[in-house]
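Derivation of every value follows stated rules applied to the coordinates shown; laboratory data play no part. The structure displayed is predicted, hence computed values, not measured ones. So basically every Cβ, Gly included, is an ideal-geometry build from the backbone, and we count neighbours across all protein chains shown.
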Amino acid sequence: MTKFKNQGSKDTRSGFGDGLTELGRKNKNVVALCADLIGSLKMNQFIKENPERFFQIGIAEANMMGIAAGLTIGGKIPFTGTFANFSTGRVYDQIRQSIAYSNKNVKICASHAGITLGEDGATHQILEDIGLMKMLPGMTVINTCDYNQTKAATLAISKIKGPVYLRFGRPVVPNFTPINQDFNIGKGILLKSGNDATIVSTGHLVWESLIAAEKLENEGISCEVINIHTIKPLDEKIILDSVKKTRCVVSAEEHNYYGGLGESISRTLTSFFPCSQEFVATKDTFGESGKPSDLMNKYSLNDTAIAKAVIKVIERKKNNV
């Protein structure tokens, strides 16, 4: 873990805001749209520097998606911004019909994902958005783990053609990936080598996975930790190379275990290398109101839950289960 020290805590949505501002200076075709949540999406500086390239749509998310699709026809690269729940569930028909079906170059940028939205509760939290978006043909799905990675991802998605779903969060979390990193869409990152079990994680659970691996190391259990920031297209090679060595895997995500990263891993294992898997995710439930840290603990989305899953999956491996 020496390579990934906490550089101080920052919110991932600020990584998006800073990345968008930098894009505004570099690429005059980049435009931004927001559904009445400028401050929450950290779009203020982009607007200050590029008022003619910003569109405040108001609380009309479906309209925002339609306008974004239309802007691409004129060569613009629209970045839409609102909460993850309103970026997906509320406007799924518009995304499917107006953006995905015709492969429009729209970047759907979604903050306040998962239960770490916190006190706003289940109606604003979403734990099924990754599943919704990865099922759309041609949709790239990215879920970043810290400020630095979110900023790098925001810059990177402007360079590819086609629709992208970029998911990030509200709370302040450890910032531990390299500054000014190269963000390779579709390529997982090996954070730690190990021999006993593979931990594949995404988003806020990446840092928790590193903590779990460090604790397990003190107990004599060696874990490989992989950061999957791109859920679609999935880097199957990095996962398979690891599980062929460890012969078991734990997937960890702030999402329902139906439809998320874990299911994508299961499909890969079934196709190429069947082995034991444990899921750290929400268990087919909605969230609730509460402090983000309390909710992560209640729903077992933390380093303790990951460590327990590793011990369990190693036992299953020993028993050929």
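In table form, for the structure just shown:
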{"item": "Cα centre as origin, Lys/Arg/Asp/Glu Cβ charges: region 66-216 dipole, Debye", "result": "620"}
{"item": "Protection-proxy order for peptides 71-83, 250-262, each taking the mean of Cβ atoms within 10 Å per residue, highest first", "result": "250-262, 71-83"}
{"item": "Cα-based shape type of region 249-317, given that a ≥ b ≥ c are square roots of the gyration tensor eigenvalues and the cut on a/c is 1.5", "result": "oblate"}
{"item": "Lys, Arg +1 and Asp, Glu -1 on Cβ, resulting dipole of the chain about Cα centre, debye, nearest 20", "result": "880"}
{"item": "For ASP182, net neighbour charge (Lys/Arg +1, Asp/Glu -1) across residues whose Cβ lies under 13 Å away", "result": "+3"}
{"item": "Centroid-to-centroid separation of region 192-210 and region 248-321 [C-alpha atoms, Å]", "result": "11"}
{"item": "The chain: angle of helix 61-73 to the longest principal axis, Cα-based, in degrees nearest 10", "result": "80"}
{"item": "Beta bridges per DSSP with both ends in the chain, % antiparallel, nearest 5", "result": "20"}
{"item": "The chain - mean residue ellipticity at 222 nm from DSSP helices (-39,500 (n - 2.57) per run, n ≥ 4, rounded to 500)", "result": "-10500 deg cm²/dmol"}
{"item": "Region 9-174: relative contact order as a whole-number percent, Cα under 8 Å and 6+ apart", "result": "31"}
{"item": "Expected-Rg normalisation [2.2 N^0.38 Å, Cα atoms] applied to the chain", "result": "0.96"}
{"item": "Helix 236-246 axis, angle to the chain major axis (alpha carbon atoms, nearest 10°)", "result": "20"}
{"item": "Amide proton proximity set for GLU278, modelled H, under 5 Å, gap of 5+", "result": "VAL249, VAL250, SER251"}
